[in-house]
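The values are calculated or read from the model by the stated rules, or taken from the named source; none is laboratory data. Treat the numbers as computed from the prediction; the structure is a model and nothing was measured. Cβ placement follows ideal geometry from the backbone for every residue including glycine, while neighbour counts extend to all protein chains displayed.
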Amino acid sequence: MIVAAMSSGEKKSVKDEALDTLKAMGTASIDTGKGPPSPVQALLGAISAGVISLILYKFATIIEAGLSRQTISDDFSARQITITVRTIINGLTYLATFIFGLNSVGLLLYSGQLALKSFTEDSTEKETENKSADQSTISNLSVETRTNDSELSSNNEEQSSNNPP
């Protein structure tokens, strides 16, 4: 076992140091309140997943070609094991390939959705601002109208009180 020297003269094993580090990391807070990603971030994720998918596809085809070049034994058990191993290896490589490919497509669609959402929110905010400005203008006009009406009625009352019947 490897032992590390501490500055206080106390010796701790690597295992103890690792546990202390994990305990310290466990108490640290994790900030996850960032909200949804931007459309550009989702698009970059889609591009990177697509590139990884293409690399994995090339890797899968190379593995498949390499395995198909090998001869299969005449023994029944060995043949069955060889075919099973080939199938598992090919399946796993193509599975990883198409998982990344579908993630790429999903992130591309998600970036489009986020872009459309940001455009519609901008136009909705402008419409809301216009409506609130129109409503404030209407409410100001109605207040002015009420004020004018009350002034007219008070003037009419004054005139009627000044003129005896």
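Values for this structure:
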quantity	calculated
Whichever residue in segment 89-103 is of a type in the set (A, V, I, L, M, F, W, C) and surrounded by 16 or more Cβ atoms within 10 Å (Cβ to Cβ) and, among such residues, is farthest from Ser53 (Cα to Cα)	Ala96
Candidate set: segment 38-74, residues that are over 12 Å from Tyr110 (Cβ atoms) and among the small types (Gly, Ala, Ser); chosen: the one nearest to the chain's Cα centre (by Cα)	Ser48
Those residues of segment 49-88 which are basic (Lys, Arg) and surrounded by 12 or more Cβ atoms within 10 Å (Cβ to Cβ), in sequence order	Arg79, Arg86
Close pairs (7 angstrom Cβ cut-off, 6 or more residues apart or separate chains): in contact (Cβ under 8 Å) with a residue 60 or more places away in the chain in segment 90-107, in a helix (DSSP H, G or I) and of a type in the set (A, V, I, L, M) anywhere	Leu107/Ala42; Leu107/Ala46; Leu107/Ala49
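Residue-wise test of (1) part of a helix (DSSP H, G or I); (2) modelled with pLDDT of 95 or more.
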{"site": "Met25", "(1), (2)": "yes, no"}
{"site": "Leu54", "(1), (2)": "yes, yes"}
{"site": "Thr71", "(1), (2)": "no, no"}
{"site": "Leu92", "(1), (2)": "yes, yes"}
{"site": "Leu95", "(1), (2)": "yes, yes"}
{"site": "Phe98", "(1), (2)": "yes, yes"}
{"site": "Asn103", "(1), (2)": "yes, yes"}
{"site": "Gly106", "(1), (2)": "yes, yes"}
{"site": "Thr120", "(1), (2)": "yes, no"}
